[in-house]
Amino acid sequence: MINLKGISKIYLTGSVQVAALQNLDLQVKAGEFMAIMGPSGSGKSTMLNLIGCLDTPTSGEYYLEGVNVAKASDNQLAAIRNQKIGFIFQGFNLLPRTTTLENVELPLLYAGLNSKARRQRALKAIKAVGLADRVYHKPNELSGGEQQRVAIARALVTNPALLLADEPTGNLDSHSSEEIMTILQELHSNGNTIILVTHERTIAEYTRRVVCFRDGRIESDSLILPH
């Protein structure tokens, strides 16, 4: 599904060049559940942004389902993000004055679906994350774990080929973190491809593959056996 060849990302800080990623190769198959780990500044968030088409590499090639997105225009990247990728963020990124249902419907609104189709798809995604009894609650009426479940439902509602999660349990207590990771495991068992960034080894152990970054390079790439 994902094929990165010779990927580098260089940022300019004033007149100083900072190499966030250095000549990386990485392949991810459809249906994998993978964690990206590493210390702050190691390049893991930059990598997730590139995979998610939120940023473009300075050099190298990135193929997503056979399409070289490294050469895509901004409009093409936006279309790829909307159609192929679901994002889950540490800070939930929910609209505060709207209900669970309205938050989950939002990507479908951008996709141009009619209200009936939006509602059907959104309710199915909400049910999938166990929030059928919270459909009309607003974010301030939900716990942190429930808010993150809404964010997962919103990421799922477009049936993306790829789910990307950036520190999805970073703002949650240990019990809520376990619930979120169990949901992600279930989604993986249903065939979803999931890549998450985490700095917690206990969270990475829910996945099936751990790639560790250091100084913009891949330090290790190892498989985890199912528990």
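Descriptive notes on the structure:
- Qualifying position, being in contact with a His (Cβ under 6 Å, 6 or more places away or on another chain), within 30 Å of ASN68 (Cβ to Cβ), at pLDDT 95 or above and of a type in the set (A, V, I, L, M), among ILE194, ILE152: ILE194
- Subset of segment 199-213 that is farther than 19 Å from GLU186 by Cα and either modelled with pLDDT of 95 or more or among the hydroxyl-bearing types (Ser, Thr, Tyr) (or both) - its residue that is surrounded by the fewest Cβ atoms within 10 Å (Cβ to Cβ): CYS212
- Within segment 162-182, considering residues that are part of a helix (DSSP H, G or I) and under 14 Å from the mean Cα position of the chain (by Cα), the one nearest to LYS29 (Cα to Cα): MET181
- Any hit, segment 167-183, residues being touching a residue at least 12 places away in the same chain (Cβ under 8 Å), among the aliphatic types (A, V, I, L, M) and in contact with a strand residue (DSSP E or B) (Cβ under 8 Å, 6 or more places away or on another chain): no
- Residues that are over 16 Å from the mean Cα position of the chain (by Cα) number at least 3 in the following strands (runs of 3 or more DSSP E) confined to segment 15-74: 16-28, 59-64.
- Filtered residues of segment 111-135 (kept if farther than 25 Å from ASP173 by Cβ and touching a Ser or Thr at 6+ places or on another chain (Cβ under 9 Å)): ALA111, ARG121, ALA122
- The residue that is farthest from ALA165 (Cα to Cα), counting only those in segment 95-113 that are at pLDDT below 95, surrounded by 14 or more Cβ atoms within 10 Å (Cβ to Cβ) and not small (Gly, Ala, Ser), is LEU113.
The values are calculated or read from the model by the stated rules, or taken from the named source; none is laboratory data. Given the structure is predicted, the values throughout are model-derived calculations rather than measurements. We place every Cβ from the backbone using ideal geometry, glycine too, and count neighbours over all the protein chains shown.
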